[in-house]
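The values are calculated or read from the model by the stated rules, or taken from the named source; none is laboratory data. Computed from a predicted structure; not experimentally measured. As a convention, Cβ positions derive from the backbone with ideal geometry for all residues, glycine included, and neighbour counts pool all protein chains shown.
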Amino acid sequence: MSERVIPLIDQRLVSVAARIPHELTAPTGLLGDALGRPLRDLRISVTDRCNFRCSYCMPKDIFDKDYPYLPHSSLLTFEEITRVARQFVAHGVQKIRLTGGEPLLRKNLEILIEQLAALRTVEGQPLDITLTTNGSLLTRKALALKAAGLQRVTVSLDGLDDATFRAMNDVDFPVADVLDGIAAAQAAGLGPIKVNMVVKRGTNDQEILPMARHFKGTGIVLRFIEYMDVGATNGWRMDEVLPSADVVRRIHAELPLVQLDASAPGETAERWGYADGSGEIGVISSVTQAFCSDCNRARLSTEGQLYLCLFASQGHDLRQLIRGNATDAQLASAIAAIWQGRSDRYSELRASLPPDAGAGTRRVEMSYIGG
Ligand code: SAM
Ligand code: SF4
Ligand code: SF4
């Protein structure tokens with residue numbers, strides 16, 4: 001059994017105050033960070049709670065009934081989220097992904113989606129609004145989400161074998177209900193749908209081929225994610241990572257693949273198409289192949305902390321400004337100053353460290369800032 005790393009301090013409390021610069025500059029949509037990377041993608045976590053206990057994300061022994069989830073008063077309201085999102089959009093954000101925790105657990109999420117759908121990019125275009133979900137509530141909510149202005153969804157599913165999946169989500173949730181959720185999303189027009197599978201060697205890697213066979217030819221893009229060393233509680237070990245190159249090799253041996261061009265700069269997935277033209281898969285090699293050089297993603301936590309990297313150990317407290325007397329111009333300038341100072345490139349740096357060097361480091365949990 002792997003040794004559990006129990007964090008002694010609550011990493012959520014480690015943050016720096018967001019400062020309003022002396023000179024305010026109007027957003028131009030062209031903001032760049034210290035390494036010249038633009039700001040295009042904002043991921044907003046709308047809750048730190050979840051009805052699953054995936055071992056790689058919210059292990060049951062840590063996220064138990066005594067875990068100090070955020071009180072409701074700490075969460076940004078929908079109006080606060082929309083206000084801060086508007087400033088990000090003015091700086092160049094084109095895509096917003098709602099995440100969590102399980103985002104569909106946040107009450108009345110459709111109202112937030114309606115508000116965000118009314119925003120326009122600097123070029124006057126609608127935003128690309130999407131959501132990542134474990135799919136458990138999709139049958140109930142797909143139609144309302146679509147009506148509110150959500151364009152598409154990404155559903156996480158770690159295998160088709162019921163026993164394997166029930167053990168991985170650790171709350172005995174059946175595969176069939178997630179597949180029903182995917183079907184409901186498809187019927188509601190929430191596409192193109194992506195399905196994310198986190199691959200843990202020795203746990204669900206035998207599910208790679210069944211998953212590929214199942215989704216081939218359906219129009220759904222299956223993406224395999226390398227098990228990452230996010231957070232500090234999942235007991236991550238390098239020997240449980242199955243490199244994406246192996247995933248591609250295994251599928252290619254039965255279902256021939258050809259590599260496709262990236263869909264957009266900053267896109268995390270490498271694309272592979274089936275040689276017979278029946279669709280594509282993606283692989284996200286967060287561990288074996290760093291893609292920091294064009295990382296254009298910012299993350300806003302449930303309580304308004306801005307994180308510049310998935311592996312950051314501290315956030316920048318925007319809620320203090322939002323709930324203070326900061327004007328929109330001040331808020332936008334504060335965000336600009338933070339992004340301009342960004343030099344995070346954890347995955348690139350990790351490549352030069354010993355394999356398990358980062359395991360157990362103090363880092364914020366994925367369920368708090370979202371994937
Ligand atoms: N609850 C929703 C879900 O599971 O889709 C949204 C939040 S979840 C944190 C977002 C994504 O992160 C999911 O696709 C999940 O599989 C992935 N994820 C969580 N922990 C991970 C880890 N240690 N390595 C790789 N991916 C991880
Ligand atoms: Fe919940 Fe998603 Fe984390 Fe699984 S990966 S525990 S569904 S937040
Ligand atoms: Fe972006 Fe950080 Fe991931 Fe690099 S490690 S791709 S900077 S989130």
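Looking at the structure I just gave you, is residue 288 of a type outside the set (A, V, I, L, M, F, W, C) and either within 16 Å of ligand 2 (Cβ to nearest atom) or in a strand (DSSP E or B) (or both)?
no
Counting just the residues of region 324-346 that are within 22 Å of residue 73 (Cβ to Cβ) and without any contact (Cβ under 8 Å) to a residue 12 or more places away in the chain, which one comes out farthest from ligand 1 (Cβ to nearest atom)?
Ranking the qualifying residues of region 324-346, first place goes to 325.
Could you identify the single residue in 119, 98 that is within 14 Å of ligand 1 (Cβ to nearest atom) and of a type in the set (A, V, I, L, M)?
That would be 98, the only listed residue that is within 14 Å of ligand 1 (Cβ to nearest atom) and of a type in the set (A, V, I, L, M).
If residue 170 meets every condition in (1) at positive phi; (2) crowded, with 18+ Cβ neighbours inside 10 Å apart from one, which number is that one?
(2) is the only condition that residue 170 fails.
Yes or no, residue by residue, for (1) at pLDDT 95 or above; (2) in contact with a strand residue (DSSP E or B) (Cβ under 6 Å, 6 or more places away or on another chain); (3) within 29 Å of residue 24 (Cβ to Cβ):
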{"site": "305", "(1), (2), (3)": "yes, yes, yes"}
{"site": "312", "(1), (2), (3)": "no, no, yes"}
{"site": "317", "(1), (2), (3)": "yes, yes, yes"}
{"site": "334", "(1), (2), (3)": "yes, no, yes"}
{"site": "341", "(1), (2), (3)": "yes, no, yes"}
{"site": "353", "(1), (2), (3)": "no, no, no"}
{"site": "363", "(1), (2), (3)": "no, no, no"}
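(1) within 16 Å of ligand 2 (Cβ to nearest atom); (2) without any contact (Cβ under 8 Å) to a residue 60 or more places away in the chain; (3) among the hydrophobic types (A, V, I, L, M, F, W, C): which one isn't true of residue 224, the others all being true?
Every listed condition holds for residue 224 apart from (2).
Considering only residues that are under 15 Å from residue 43 (Cβ atoms) and either without any contact (Cβ under 8 Å) to a residue 12 or more places away in the chain or away from ligand 2 (no atom under 16 Å from the Cβ) (or both), which ones fall in region 93-114?
Residues satisfying the conditions are 93, 94, 95, 96, 112, 113.
Taking the stated definitions as given, is residue 156 in contact with a Leu (Cβ under 8 Å, 6 or more places away or on another chain) and within 16 Å of ligand 2 (Cβ to nearest atom)?
no
Name the single residue, out of those in region 250-277 being under 28 Å from residue 191 (Cα atoms) and assigned to a helix (DSSP H, G or I), that is farthest from the chain's Cα centre (by Cα).
If we take residues in region 250-277 being under 28 Å from residue 191 (Cα atoms) and assigned to a helix (DSSP H, G or I), then 254 is farthest from the chain's Cα centre (by Cα).
For region 175-206, enumerate the residues that are free of Cβ contacts under 8 Å to residues at least 60 places away in the same chain, more than 13 Å from residue 153 (Cβ to Cβ) and in contact with a strand residue (DSSP E or B) (Cβ under 7 Å, 6 or more places away or on another chain).
Residues satisfying the conditions are 197, 199, 201, 205.
For (1) assigned to a strand (DSSP E or B); (2) basic (Lys, Arg); (3) more than 16 Å from ligand 2 (Cβ to nearest atom), each residue gets a yes or a no:
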residue	(1), (2), (3)
173	no, no, no
179	no, no, no
182	no, no, no
190	no, no, yes
213	no, yes, yes
228	no, no, no
233	no, no, no
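Go through (1) part of a loop (DSSP other than H, G, I, E, B); (2) surrounded by fewer than 18 Cβ atoms within 10 Å (Cβ to Cβ) one by one and return the number of the condition residue 329 breaks.
Failing condition for residue 329: (1).
So, of the residues in region 268-294 that are farther than 18 Å from residue 245 by Cβ and modelled with pLDDT under 95, which turns out to be surrounded by the most Cβ atoms within 10 Å (Cβ to Cβ)?
Only one residue fits best here, namely 292.
How many residues are hydroxyl-bearing (Ser, Thr, Tyr) and either surrounded by fewer than 19 Cβ atoms within 10 Å (Cβ to Cβ) or more than 30 Å from residue 67 (Cβ to Cβ) (or both) when one looks only at region 25-52?
Summing the residues that are hydroxyl-bearing (Ser, Thr, Tyr) and either surrounded by fewer than 19 Cβ atoms within 10 Å (Cβ to Cβ) or more than 30 Å from residue 67 (Cβ to Cβ) (or both) in region 25-52 gives 2.
Listed residues 162, 170, 205, 180; which is more than 16 Å from ligand 3 (Cβ to nearest atom), of a type in the set (D, E, K, R) and in contact with a Lys or Arg (Cβ under 6 Å, 6 or more places away or on another chain)?
170
So which residues in region 53-73 are surrounded by 14 or more Cβ atoms within 10 Å (Cβ to Cβ) and closer than 20 Å to residue 108 by Cα, if there are any at all?
69, 70 - these are the residues of region 53-73 that are surrounded by 14 or more Cβ atoms within 10 Å (Cβ to Cβ) and closer than 20 Å to residue 108 by Cα.
Give me the pairs: first residue in region 52-66 and in a loop (DSSP other than H, G, I, E, B), second residue among the aromatic types (Phe, Trp, Tyr), beta-carbon distance under 7 Å, and six or more apart or on different chains, which are they?
Sorted first by the residue in region 52-66, then by its partner, the pairs are 52/173; 53/63; 56/227.
With the requirement that a residue be within 16 Å of the chain's Cα centre (by Cα), of a type in the set (Lys, Arg) and closer than 18 Å to residue 133 by Cβ, what does region 35-94 give you?
Matches in region 35-94: 43, 49.
Residues that are within 16 Å of the chain's Cα centre (by Cα), under 17 Å from residue 193 (Cβ atoms) and not in a helix (DSSP H, G or I): does region 116-128 have at least one?
yes
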